[in-house]
Amino acid sequence: MNPPEPEPPAQQAEALPAVAPQLRALRRRAALTLEAAARAAGLSPAHLSRLETGQRQPSLPMLLTLARVYGTTVSDLLGETAADRDAVVRAAYMEPTRAGGWTYWQAGASGRGMQALRVQVPHGSQGDIVRVHPGEEWLHVLKGRLRLRLGDATDLLGPGDSAHFDSLTPHRIAAQDPDGVELLFVHTLLQSPTATLCLGPNPSESGVTS
């Protein structure tokens, strides 16, 4: 069972470009019906239809999911072109995006095979969500302590610690302390139309959080 789909804050909806035409075009390019794409992304067909018609704006996690389903990148979903790419990302222009309780800042150039983010994870946020998807992930703890569960193993990471893993391994990320945790996060988006992201509590590990 998937967690509730977070409502994007008003400022996020205003900041995002009109992605509806891109979402529909890329779904058709991937030869997916509305129902098949929604099922692969863990959404209802009605919700995906509202995204494609501009009635709702997708959150960042939702964009990541749809990018994997359609075998593309978030930059492609947003309609960015190669001319929009910049090798340098200035701190002054890093606008926060909030979704699912997490806060994200873009930390790398857009339109690349690797997506780099600075992420702030509050304590108790999304601790029961299991992620499974093609690609690789690398994270580096900046502040606080991170509880990382990979498969059956759980590790506690402090400032300066890093992890690099195959994201097909079921994984959970959670802040250990009340002040939360801040980290750098890099992941790859595999170019596969069958790529999916699975979210939701693991029924075999009820009551256990990372």
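Kindly indicate whether SER162 is of a type in the set (Ser, Thr, Tyr), surrounded by fewer than 18 Cβ atoms within 10 Å (Cβ to Cβ) and modelled with pLDDT of 95 or more. Reasoning before the result, please.
On the way: of a type in the set (Ser, Thr, Tyr): yes; surrounded by fewer than 18 Cβ atoms within 10 Å (Cβ to Cβ): yes; modelled with pLDDT of 95 or more: yes.
Spelling it out, SER162 is indeed of a type in the set (Ser, Thr, Tyr), surrounded by fewer than 18 Cβ atoms within 10 Å (Cβ to Cβ) and modelled with pLDDT of 95 or more.
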For region 24-37, state whether one or more residues are β-branched (Val, Ile, Thr), modelled with pLDDT of 80 or more and buried (at least 17 other Cβ atoms within 10 Å of the Cβ). no
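Would you mind listing the strands (runs of 3 or more DSSP E) fully within region 77-141 where at least 3 residues are at pLDDT 80 or above and touching a Phe, Trp or Tyr at 6+ places or on another chain (Cβ under 7 Å)? It would help to see each step written out before you state the result.
Details: elements: 97-99, 102-106, 114-121.
Counting at least 3 such residues, we get 114-121.
The values are calculated or read from the model by the stated rules, or taken from the named source; none is laboratory data. It should be emphasised that the depicted structure is a prediction, and the values quoted were computed from it without experimental measurement. Counting neighbours? That spans all protein chains shown, and the Cβs are built from the backbone with ideal geometry, glycine included.
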